[in-house]
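Scroll down for the structure; my scribbles are underneath it.
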């Protein structure tokens, strides 16, 4: 009986050694897939920032947001026929006051709220210039909610949800403040006037550039 036990142990050890020899000594881990809020660079998983996105300008050309590096950005979904449309004036004032200090105001026309931005990109550009003297960039029309949401807005909503954790944009002129590091600082409801953001903008501008 003892000889059978010894023989069994010898055979088991041989099988284990054969299996170990078949397994590479430096087996690599399976590659990790980046989720919606992360990216993989040089094998490292890092958090995505606004700099990682490219949008379309009013002419349909690519506009990489990597050009914002080191700046503070105020991203706003705008509309021409909304009760909040006069906020264009306040946004332009912020642009003029803080632009030289590193603030970039960016408008994104959207027709998802009451159909209040029905015009073409060209018509929107003329409206902003003639009626409000807008000099900050107003991009091409986008969707900010639903399956067709621009990827930038998917990111903004994920990083700065609204009331009770709801990510959906509620109406025109919702605002997102982005820091010099490309990360979202705050989200502001449509009724919050641009001038009320001045203290937060100044604080963001005072942060050192990484």
Mind listing just one residue for me: the one in segment 109-155 that is touching a helix residue (DSSP H, G or I) at 6+ places or on another chain (Cβ under 8 Å) and not in a loop (DSSP other than H, G, I, E, B) and, of those, surrounded by the fewest Cβ atoms within 10 Å (Cβ to Cβ)?
131
For the list (1) within 22 Å of residue 157 (Cβ to Cβ); (2) in contact with a helix residue (DSSP H, G or I) (Cβ under 9 Å, 6 or more places away or on another chain); (3) surrounded by fewer than 18 Cβ atoms within 10 Å (Cβ to Cβ); (4) touching a residue at least 24 places away in the same chain (Cβ under 8 Å), I need the number of the one condition that residue 64 fails.
(4)
Taking segment 156-170 as the search range and keeping residues that are assigned to a loop (DSSP other than H, G, I, E, B) and under 15 Å from residue 146 (Cβ atoms), which one is modelled with the lowest pLDDT?
166
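Regarding segment 86-107, can at least one residue be identified that is more than 23 Å from residue 182 (Cβ to Cβ) and within 21 Å of the chain's Cα centre (by Cα)? Reasoning before the result, please.
Filtering segment 86-107 for residues more than 23 Å from residue 182 (Cβ to Cβ) gives 86-90, 92-93, 96.
Next, from what is left, pick out any that are within 21 Å of the chain's Cα centre (by Cα): none.
Scanning segment 86-107, I find no residue that is more than 23 Å from residue 182 (Cβ to Cβ) and within 21 Å of the chain's Cα centre (by Cα), so the answer is no.
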Output the residues belonging to segment 182-210 that are in contact with a strand residue (DSSP E or B) (Cβ under 9 Å, 6 or more places away or on another chain), surrounded by 14 or more Cβ atoms within 10 Å (Cβ to Cβ) and part of a helix (DSSP H, G or I).
194, 197, 200, 201, 204, 205
Is it the case that segment 164-176 has a residue that's touching a strand residue (DSSP E or B) at 6+ places or on another chain (Cβ under 9 Å), in contact (Cβ under 8 Å) with a residue 60 or more places away in the chain and over 21 Å from residue 86 (Cβ atoms)?
no
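Looking at residue 91, is it surrounded by 14 or more Cβ atoms within 10 Å (Cβ to Cβ), more than 24 Å from residue 191 (Cβ to Cβ), modelled with pLDDT of 95 or more and touching a strand residue (DSSP E or B) at 6+ places or on another chain (Cβ under 9 Å)?
Numbers: surrounded by 14 or more Cβ atoms within 10 Å (Cβ to Cβ): yes; more than 24 Å from residue 191 (Cβ to Cβ): no; modelled with pLDDT of 95 or more: yes; touching a strand residue (DSSP E or B) at 6+ places or on another chain (Cβ under 9 Å): yes.
For residue 91, the condition - surrounded by 14 or more Cβ atoms within 10 Å (Cβ to Cβ), more than 24 Å from residue 191 (Cβ to Cβ), modelled with pLDDT of 95 or more and touching a strand residue (DSSP E or B) at 6+ places or on another chain (Cβ under 9 Å) - is not met.
The values are calculated or read from the model by the stated rules, or taken from the named source; none is laboratory data. Note that the coordinates shown come from a computational prediction; the quantities given were computed from them, not determined experimentally. Positions of Cβ are backbone-derived with ideal geometry, glycine not excepted, and every protein chain shown enters the neighbour counts.
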